[in-house]
Amino acid sequence: MALANFSSSSRSNLLKPLAPVLSFAETLRRPISTSTDPLIIETSVPFTFHNCEPPSRSVETNPQELISFFRGMATMRRMEIAADSLYKAKLIRGFCHLYDGQEAVAVGMEAAITKKDCIITAYRDHCTFLGRGGTLLEVFAELMGRQAGCSRGKGGSMHFYKKEAGFYGGHGIVGAQVPLGCGLAFAQKYSKDETVTFALYGDGAANQGQLFEALNISALWDLPVILVCENNHYGMGTAEWRAAKNPAYYKRGDYVPGLKVDGMDALAVKQACKFAKEHVLRKGPIILEMDTYRYHGHSMSDPGSTYRTRDEISGVRQERDPVERIRKVILAHDLATEKELKDFEKEIRKEVDQAIAQAKESPMPEPYELFTNVHVKGLGTEAFGADRKEVRAVLP
Amino acid sequence: MLGIIRQKAFGQSLQRIRPVASSWGGYSSTSKQMMVREALNSALDEEMSADPKVLLMGEEVGEYQGAYKISKGLLEKYGPERVLDTPITEAGFTGIGVGAAFYGLKPIVEFMTFNFSMQAIDHIINSAAKTSYMSAGQISVPIVFRGPNGAAAGVGAQHSQCYASWYASCPGLKVLAPYSSEDARGLLKAAIRDPDPVVFLENELLYGESFPVSAEVLDSSFCLPIGKAKIEREGKDVTITAFSKMVGYALKAAEILAKDGISAEIINLRSIRPLDRPAINASVRKTNRLVTVEEGFPQHGVGAEICASIIEDSFGYLDAPVERITGADVPMPYAANLERMALPQIFMNAARR
């Protein structure tokens, strides 16, 4: 990985001899972790582009951001692994689609945008929700179907939402979120908000007809939408080359420009999203293909090893893991010590465990919740339960 | 089915009964006549004028002035940002409409006919109807899906299906079916103002029919309540429920039955979901007999639901089994005589039974 240091090098040389002498408590107060002095780092691979001029490989960042990337991704990683255990303990039911391996996309995107921009994604939404400001408690409680969940237990793993932070879900039907995302962008343009929408989908959804229908309309109407293909190379168990005649998803917009990005590099993701946001506000839609990878199978019922080799999975983990990459950058620039990073991870593990404990305390929804939120305005009509004579409710 | 076979015996007399044109308009010479098409157009115009978040999208709604001229003049008045011509991609533009509603706009998505809504039905059901529930109320979807539903004249099997029972079975949706111009205006305005997804089923053959409208109906704040049926004609011997075009047929049937001394109470459902069960039950408790009429396929239809509901709530009041008059259980044929056989034309027999 090519690195370029600027202002931080002299300062880090000053602090280096002091570091081992400072106690643990004092190291937490080290100013460099919160420095916002700019740092320029090159992305691991160049961007591949279609119908546009690519952004520069040199990404402007700063120590505070890099530390927050590390913390963010480590939290997401820990959360997904904890969700795996909860599912196996049968505390989570139904579907559970885990995002570990893909964290750089969620974290890099957040760094490039504001909460007024919108994100909409499919069912692999736990980490995207966390990135938008969701809490661990809301995630675990929702997964376990409890009241403290972000959808009060009524949505489940695939239906997380946080409207006030611009997160519109959480959708179970493959591909449906793309036209919805274009609709969000339409509304943003209509309201003259100068904000954009990122509509995320997978390589499996990339062949959906409604995607091309929505892309056509977005290009015609110049909607500020960025279509982000999180290409983890497998649509459930079907490899991309078996599903798509042309797996160069960033080119499939034809008349719509596209960029292929190393999705395991949070800085590359940030750069691409920043570039994309500026582009769509002036020139209509763009497609970003994030080259990423999921360590788990498609969902908890899929071991993930019948259609790919364990060597492939561990190979990616060795060479391209997003958390390890940021760890290396932080250590190489001496923004924190290895011990400090390990301490962050321990802290995160504790946070996750605490959130799980709290979520387990949260009660299941009250029975009357069966009938709430069917409508915004229920008009006093009756709704029926399974035995119509026994269970009836009036919708408010 | 018996009703249709007996129909053949009536032969030519059937032709007289089938209502073609307008004009119930006989009662007051001072009340204004308004075509359903005009009623819908004025409702759209007034709601778009009152709320800048309301917009219309669909095929040919703009420059073509609307495939059935319902949106005539709206493009000129509100401009291309609010009246949007879409490509022929129902799944795409319906999804875009629902997404815009998520954000807070109030789109009206027009389907050239509801037959084409099947291409977008995933967005209507899974993206629109269920979202408020799945998000525990965080995201509401104030959208209206409207367009002509049911059979027109001679358009064949793929263009003639009635979708009332399909949409009405889905929790989270409201389904409305106007008959007269008053219904069209009042219910469309209510639908646009309603914060939930509404499926608004019009009827192509009603667009050209005129009905009298009072000054109250013409007022821009006029609105009908969703979920309430209308008793179009009071009676005491049999209750006939109908919606959309069938209300007109039912009223004609009532006239004929009256000559035989049978007083029929005609209920215009107006709202298929929520269904006005109290009104239907109250009527049946009064008359003790029920005939349900609809244009759609019989199995699992609106009439089936009404029948079940009456049996659950008013079984003791029924003096005879409930009768259903529906479209024939076949795809719609093209030939005029077959098409006539496939749609309810005459149902006095059922009433007499």
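Name the residue that is nearest to the other protein chains (Cβ to nearest Cβ), counting only residues in region B:161-173 that are under 14 Å from the mean Cα position of the chain (by Cα) and in a loop (DSSP other than H, G, I, E, B).
The selected residue is B:Y163.
For the residues A:L288, A:L335, the requirement of being in contact with a helix residue (DSSP H, G or I) (Cβ under 7 Å, 6 or more places away or on another chain), part of a loop (DSSP other than H, G, I, E, B) and open to solvent by less than 10 Å² (accessible area, probe 1.4 Å) singles out A:L335.
Tallying residues that are touching a Phe, Trp or Tyr at 6+ places or on another chain (Cβ under 7 Å), open to solvent by 30 Å² or more (accessible area, probe 1.4 Å) and not hydroxyl-bearing (S, T, Y) within region B:53-89 yields 1. Of all residues in region A:204-231, those being more than 9 Å from chain B (Cβ to nearest Cβ), crowded, with 24+ Cβ neighbours inside 10 Å and not hydrophobic (A, V, I, L, M, F, W, C) number 3.
Scanning region B:137-155 for residues being in a loop (DSSP other than H, G, I, E, B) and either at pLDDT 95 or above or not aliphatic (A, V, I, L, M) (or both) gives a total of 10. When you check A:T309 against the structure, is it surrounded by fewer than 22 Cβ atoms within 10 Å (Cβ to Cβ) and in contact (Cβ under 8 Å) with a residue 12 or more places away in the chain, yes or no? So A:T309 fails the test. Is region B:262-278 home to any residue that is part of a loop (DSSP other than H, G, I, E, B), more than 26 Å from B:N149 (Cα to Cα) and at pLDDT 90 or above? Yes, region B:262-278 contains a residue that is part of a loop (DSSP other than H, G, I, E, B), more than 26 Å from B:N149 (Cα to Cα) and at pLDDT 90 or above. The criterion of at least 1 residues that are among the basic types (K, R) and closer than 30 Å to A:S44 by Cβ is met by the following helices (runs of 4 or more DSSP H) wholly inside region A:161-262: A:240-243. If you go through region A:135-164 and keep only what is within 11 Å of chain B (Cβ to nearest Cβ), among the polar types (S, T, N, Q) and open to solvent by 10 Å² or more (accessible area, probe 1.4 Å), you end up with just A:Q147.
Answer with yes or no whether A:R132 is touching a Ser or Thr at 6+ places or on another chain (Cβ under 6 Å), more than 7 Å from chain B (Cβ to nearest Cβ) and among the basic types (K, R). No. Of the helices (runs of 4 or more DSSP H) lying entirely inside region B:13-125, those carrying at least 2 residues that are at pLDDT below 95 and away from every other protein chain (no Cβ under 11 Å) are B:13-17.
Residues that are open to solvent by 50 Å² or more (accessible area, probe 1.4 Å), in a loop (DSSP other than H, G, I, E, B) and not acidic (D, E) within region A:355-396 comprise A:P363, A:M364, A:V376, A:K377, A:L379, A:A386, A:R388, A:K389, A:V391, A:P396, listed in sequence order.
When the test is whether a residue is open to solvent by less than 20 Å² (accessible area, probe 1.4 Å), more than 21 Å from A:E138 (Cα to Cα) and either part of a strand (DSSP E or B) or touching a Cys at 6+ places or on another chain (Cβ under 7 Å) (or both), A:L341 does not pass it.
The values are calculated or read from the model by the stated rules, or taken from the named source; none is laboratory data. The structure presented is a predicted model; accordingly, all values stated were derived computationally and were not measured. Counting neighbours? That spans all protein chains shown, and the Cβs are built from the backbone with ideal geometry, glycine included. Only protein heavy atoms, including side chains, enter the accessible area calculation; ligands, DNA and RNA are left aside. Shrake-Rupley method; radii C 1.70, N 1.55, O 1.52, S 1.80 Å.
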